[in-house]
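The values are calculated or read from the model by the stated rules, or taken from the named source; none is laboratory data. Quick caveat: nothing in here was measured; it's all calculated off a predicted structure. We place every Cβ from the backbone using ideal geometry, glycine too, and count neighbours over all the protein chains shown. We work out accessible area using only protein heavy atoms, side chains counted, and drop any ligands, DNA or RNA first. Shrake-Rupley method; radii C 1.70, N 1.55, O 1.52, S 1.80 Å.
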Amino acid sequence: MSDRQLREHHDRIVARNREARQAQMREAQRQADERNRARAARQAEQGRKR
């Protein structure tokens, strides 16, 4: 492979890795949001019982 081909290949890999990392972070954030909502709902439930 020429230098240019290697650079383009590397750029594609870096871009794909960045996308994958961003997707993972979005998914982790979504799961954290769901846990927070569930916890808030439980606390609200307990607050009404008292």
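Values for this structure:
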item: Cα gyration tensor category, rounded, prolate or oblate, for the chain with a/c compared to 1.5; result: prolate
item: Solvent-accessible area, 1.4 Å probe, carbon plus sulfur percent, for the chain; result: 48 percent
item: Helix axis angle, 3-49 relative to the chain longest principal axis, alpha carbon, degrees; result: 0 degrees
item: Accessible surface, the chain, averaged per residue in Å² (probe 1.4 Å); result: 98 Å²
item: Helical contribution to [θ] at 222 nm, DSSP H n ≥ 4, -39,500 (n - 2.57), averaged over the chain, rounded to 500; result: -35000 deg cm²/dmol
item: Dipole-positive endmost among Gln31, Ser2, Gln43 within the chain (Cβ charges, Cα centre); result: Gln43
